[in-house]
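Data block below; observations after.
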């Protein structure tokens, strides 16, 4: 946790999920790796989910992650599915469930719904119900092992 606000939010999410753990429970961070640019975790099937908090993290995350959550716009040609600030502003909190070729989405604020405390965004239609990665496939991992011809005697 970084602040009391973070602890409060985690406490509320845990309660809504009927999870009795405390926000300080170490198990909540298992499998999550963070640095100053963001966090990553491995999801079902080995795909990575990234939280990019700085712009410099996006290029790397676009190549390696299946899903990125960020407040910043994703670069053109990003191979990952992206949930950005604009999508969250339009639809509110999102619940994602992994499906075969992406994620099924349930939005708190479906598109076109006008509420007194949250007016509909003009021109905003129905909310997307699935989130699929762009047609550009991520580049395959490159084997960095040097070939036998490149090795020198002391290697």
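Where a number appears in this text, it was derived from the coordinates with a stated rule and is not lab data. Please read these numbers as outputs of a predicted model, since none were measured by experiment. Cβ sites come from the backbone with ideal geometry, for glycine too, and all protein chains shown count toward neighbours.
Here are the numbers:
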item	result
Number of positions in segment 48-76 that are farther than 20 Å from residue 10 by Cα and touching a residue at least 24 places away in the same chain (Cβ under 8 Å)	5
Any hit, segment 17-37, residues being assigned to a helix (DSSP H, G or I), free of Cβ contacts under 8 Å to residues at least 60 places away in the same chain and in contact with a strand residue (DSSP E or B) (Cβ under 8 Å, 6 or more places away or on another chain)	no
Residue within segment 49-56 that is more than 11 Å from the chain's Cα centre (by Cα), part of a strand (DSSP E or B) and surrounded by fewer than 17 Cβ atoms within 10 Å (Cβ to Cβ) present	no
Only one of 107, 79 that is closer than 16 Å to residue 131 by Cβ, touching a residue at least 60 places away in the same chain (Cβ under 8 Å) and either surrounded by fewer than 13 Cβ atoms within 10 Å (Cβ to Cβ) or more than 11 Å from the chain's Cα centre (by Cα) (or both)	79
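For (1) under 24 Å from residue 28 (Cα atoms); (2) in contact with a strand residue (DSSP E or B) (Cβ under 7 Å, 6 or more places away or on another chain), each residue gets a yes or a no:
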site	(1), (2)
45	yes, no
56	no, no
60	no, no
64	yes, yes
113	no, no
122	no, no
